[in-house]
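Okay, so here's the structure we're looking at.
Values in this text are rule-based calculations from the coordinates and carry no lab data. Since this is a predicted model, take the numbers as computed values, not measurements. Cβ placement follows ideal geometry from the backbone for every residue including glycine, while neighbour counts extend to all protein chains displayed.
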Amino acid sequence: MISNRRLMLAHFWLAFAVFGLAVLLGEWQMFIRSPLHGWLHNPDLYYRSVTAHGTVMGYVFPTLVAMGFGYAICELSLGQPLIGRRWAWAGYIMIIVGSVAAVVPVAMGLDSVLYTFYPPMIGNAFYYIGVVLVVVGSWVWVVLMGINLNAWKRAHPSAPVPLPMFANVAAAYLWGWTAVGAALELLFQILPVALGFTNTINAGLSRVLFSWTLHAIVYFWLMPAYIAFYTIVPRAIGGRLYSDTMARISFALFLVFSMPIGIHHLFADPQVGSGFKFVHSVFTAMVAVPTLLTVFTICASVEIAARLRGGKGVFGWLKALPWDNPQMLALAFSFVMLGFGGAGGLINMSYQLDSTVHNTQWVTGHFHLIFGGAIVIMYFAIAYDLWPHLTGRAMQHLGLIRTQLWLWFIGMIVTTFPWHYVGILGMPRRMAYFDYTGMSAEAVSVIMSTVGGALLVVSAILFLVILYRNHSGSRAEIAPFTFSRAIHEPTSLPLALNGLGLWVGLMMALTITNYGYPIARLIGLHDAQVPAVFIGAKR
Amino acid sequence: MNDHRPRLISLRNPWFTASAGAVLILFLFTVFVGFVWLPSAQNDALFKGLLNAICSAAGVPRAWLSEASPPVQPKAPVSSVVLTPDMLGGPSSGGSVGRGATLALRCTMCHGARGVSAANTPNLAGQYEASIYKELRDFQSGARTSAVMAPMVVGLGDQDLRDLSAYYASLPRGDVSAAQQAHAMPNIVATGSPMRNIAPCGSCHGDMAIKLGAPWLGPQPHDYLKSQLEAFANDRRHNDISAQMRNIARNMTADEINASASYYAGSK
């Protein structure tokens, strides 16, 4: 039973509205640096757009989806109204204020620093303050998720915590801890310069602090998708979850291993020793484990659904799956993109292989395929599944939904596969324009990506239209929302799998072992201060 | 956590011992491989021995590579000015505008009474302080040669140069002509030529971004800009600290030199 529909709808609608705008910016960027358009004479326009696109897609959109979905999970799985409703609204308003404070100076060209900040570039302080507000607003959600879980546990002393809430709180704690790195960077490195207290910055330290956030944030984006894999899809396609325990272990492993690995973003940075780079590389490889566990468990769950529907044979059961069900379609598309994206990720995280693709368009292609593809398509699926329960109106036009998902899948493949390829050809990333003279392979690939991007724009518009039209549909009797049921539903759980204490402890311990020394050494390295490069300053 | 239930953090909890133990073993193994084994496989003195291996892998090698041969001596004098954002800032190092104005009387015959003239000399009004100071220092040291400028700066002290720079920087800049708006920008100014390693002029010299030490070029006389680009290209001028202007000018075509000079001169 949902009692805070408006709160959830507000989160989802704001998320999808800014997502729609950022998709348009992304396609404009793709077009403007393709051979279809002449060279951009003012590259700052491009970097403004990249900064806005990244800030919205990286910070605002997924955070709002995770929050809206998290509040829904909290009420639906615990069966109690949200504790701290006013605080939740306060967090939401903080995110709105923060987003406006961040995006306005970006639009004015005062903060073309890209969403990863790239010190020693320094822009207008309002951008950074805005981002801090967005993060603080989301921390309200983190705290509320913990409070709600603990209240429920006190009321149900020996009952197993529902899997959706276990996973949801894991995502919240992961975000709470991983955002600390960027927060430290903003508060102690960037803002003092942006506010004019000093004009030098320890760029190496700033980058290490940002890497603390930069990789685990990806797993925070991914969590809602994984929660949907485990707790929505098996129910939606008429099956059972193969293993509740495996699901909990996967989320626990994400909590432990997604944090101490961010230095794999700094393989080409001189300020970190090679030993730490190797350690982070190995721990990054460990994150593949919960993903492989998930792929196994979900495939098994899907097979159960197929066999319950009369599927036979080693692979024949695939035909018995409900392919006209949007959740089935979204899951299949997501897994295909996760497979390719994950394989590409294994190359990025390998200390040696990374050097062949570092800072090329390959990397941009990779994270668009994983995040924009595998994860965002599950955000669509979550919205389609929850919407009737939020609006009280049935989802009609399943055909339109299928078209939207197909378009997103095809669009994302057409966009990102050539994007990877130009990276292998050596095209650098973060370029406002590119000299295609004598480079037909690059030119053709980038044009293909631009066409793929156009499909994504169409799909995004379709998505918004479908959700919008649902609000004016006829009211219907919506069956109560349920999450997937496991084959063996837990009756009692070991302490370690009924709470997150152990896993949060391991996450923090590994943060100290893997980040402690590099950060401490860089703090002590006073001659590492470099002059700030002010962006958007008077010329 | 309830008291009557077993404790989470306890050696008797197999979940705790197994997970913490496995993480610890994994960590120790990767540290051994990353800090001892892999560095030892390097054929490099910096990594030989356990302590050297660990320190190098941690990013703090105990010794850096010693210099094998002395640095190559340039054939002609090169600029010895060290550019930093605050080299002219601060109360002790900054120049005095009033004193600079007096000293500048000797400059007016070529550079105009207020830093602007029609004599095809650089316009100094509103030029960046650091850029003027650097060029004056280079004229003094002989890194930049000029039969006219060399005798003019020979008797000046460092504070004189700072004062002159401060004075000219304080004067109002000449009007930027309509031709110099973004839409009229030639490709060489706006985008450079990536395949020939030519950065856009505007990314250092104004209209898009500025870099410390790079002079503001708008407006400057066409003939002066053209002759300087040609001097860089032919290695007759070599006081650009990292040879960036020599490398750029060498790769520019005659048309591009003309186009950029015309653009910054404000003439079509």
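Only helices enter the 222 nm calculation for chain A: every DSSP H run of n ≥ 4 contributes -39,500 (n - 2.57), and dividing by all residues gives -22500 deg cm²/dmol, rounded to 500. Given R0 = 56 Å, the distance between the Cβ atoms of B:ARG99 and A:LEU24 translates into a calculated FRET efficiency of 0.50. Placing unit charges on each Cβ (+1 for Lys and Arg, -1 for Asp and Glu) gives the protein assembly as shown a dipole about its Cα centre, and among A:GLY344, A:PHE188, A:ILE401 the Cα reaching farthest toward its positive end belongs to A:ILE401. What does the C-alpha gyration tensor say about the overall shape of segment B:178-265? Classify as rounded when a/c is under 1.5, otherwise prolate if a/b is larger than b/c, or oblate. Because its axes are fairly even, with a/c under 1.5, segment B:178-265 counts as rounded. Under the rule a/c < 1.5 gives rounded, and otherwise a/b versus b/c splits prolate from oblate, where does segment B:1-63 land using the Cα gyration tensor? Prolate.
Taking the longest Cα principal axis of chain A as reference, the axis of helix A:216-231 is set at about 10 degrees. Residues whose amide H lies under 5 Å from that of B:ILE198, counting only those 5 or more places away or on a different chain, are B:SER193; hydrogens are built 1.01 Å from N in the peptide plane.
Where a ≥ b ≥ c are the square roots of the eigenvalues of the C-alpha gyration tensor, would you call chain B rounded, which needs a/c under 1.5, or, failing that, prolate if a/b is larger than b/c, or oblate? Prolate, because a/c is 1.5 or more and a/b exceeds b/c. Using θ = phi - 60° in the Karplus curve 6.51 cos²θ - 1.76 cosθ + 1.60, the 3J(HN,Hα) couplings for segment A:96-104 round to 5, 4, x, 5, 5, 4, 7, 7, 4 Hz; x is entered for Gly and Pro. In this label model, A:VAL444 and B:SER242 are separated by 3.7 nm, measuring between points 7 Å along each Cα→Cβ vector. Between A:PHE188 and A:SER492, full extension at 0.36 nm per residue minus the direct alpha carbon distance yields a gain of 104.9 nm.
Per-residue shielding of B:26-37, expressed as the average number of other chain Cβ atoms within 10 Å of the residue Cβ, stands at 5.
Considering only the Cα atoms of segment B:52-151, their convex hull presents on average a projected area of 11.1 nm².
Label point of A:THR513 set 7 angstrom out along Cα-Cβ; within segment A:252-286, amide nitrogens under 14 Å from it belong to A:256-261, A:276, A:279-284, A:286.
Under the combined filter of DSSP loop state and at most 12 neighbouring Cβ atoms within 10 Å, segment A:196-264 retains these chymotrypsin sites (Phe, Trp or Tyr not before Pro): A:PHE197. Here the peptides A:333-341, A:260-268 are ranked by packing, the mean other Cβ count within 10 Å, and the order with the highest first is A:260-268, A:333-341. Within the listed set B:SER56, B:SER117, B:SER203, the Gaussian network model of chain B (springs between alpha-carbon atoms below 10 Å) gives the highest mean-square fluctuation for B:SER56.
Each 20 Å bin from 0 upward holds the following percent of the Cα-Cα pairs of chain A: 22, 58, 20, 1. Extension gain for B:THR145-B:PHE29 works out to 35.5 nm (0.36 nm per residue, less the C-alpha to C-alpha distance). For A:THR360, nonlocal amide neighbours, meaning residues 5 or more places apart or on other chains whose placed amide H falls under 5 Å from its own, are A:ARG429. Put a plus charge on the Cβ of each Lys and Arg, a minus charge on the Cβ of each Asp and Glu, and nothing anywhere else: the dipole of chain A about its Cα centre is then about 980 debye. Which residues does the label zone of B:THR17 cover in segment A:478-511, counting backbone N under 19 Å from a point 7 Å along Cα→Cβ? In segment A:478-511, the label zone of B:THR17 (backbone N under 19 Å from the point 7 Å along Cα→Cβ) covers A:494-497, A:502-503, A:506. Determine the distance separating the Cα centre of segment B:21-41 from the Cα centre of segment A:47-92; give it in Å without decimals. If we compute the Cα centre of each part, the gap is 39 Å.
Only lysine pairs 8 or more places apart, or on different chains, with alpha-carbon atoms under 28 angstrom apart are counted in chain B, and they number 8. For a straight C-alpha distance cut-off of 12 angstrom, the aspartates and glutamates reachable from A:LYS277 (same-chain residues fewer than eight places away being disregarded) are A:ASP269, A:ASP354. Against chain A, whose longest principal axis is taken from its Cα atoms, helix A:440-471 shows a tilt of about 50°. To the nearest ten degrees, helix B:14-32 and the longest principal axis of the Cα atoms of chain B are 50 degrees apart. Our note on the geometry: Cα centres of segment A:373-430 and segment A:260-297, 27 Å apart. Working from label points 7 Å from Cα in the Cα-to-Cβ sense, the A:LEU195 to B:VAL82 distance is 3.1 nm. For A:PHE534, the residues 5 or more places off, or on other chains, whose built amide H falls under 5 Å of its own are A:ILE122.
Of A:MET145, A:MET427, the sequence from fewest to most neighbouring Cβ atoms within 10 angstrom is A:MET427, A:MET145. Using the Cβ-Cβ distance between A:LEU398 and A:ALA17 with R0 set to 30 Å, the FRET efficiency from 1/(1 + (r/R0)^6) comes to roughly 0.80.
Where only DSSP H runs of four or more residues are counted, chain B gives -11500 deg cm²/dmol as its mean residue ellipticity at 222 nm, each run worth -39500 (n - 2.57).
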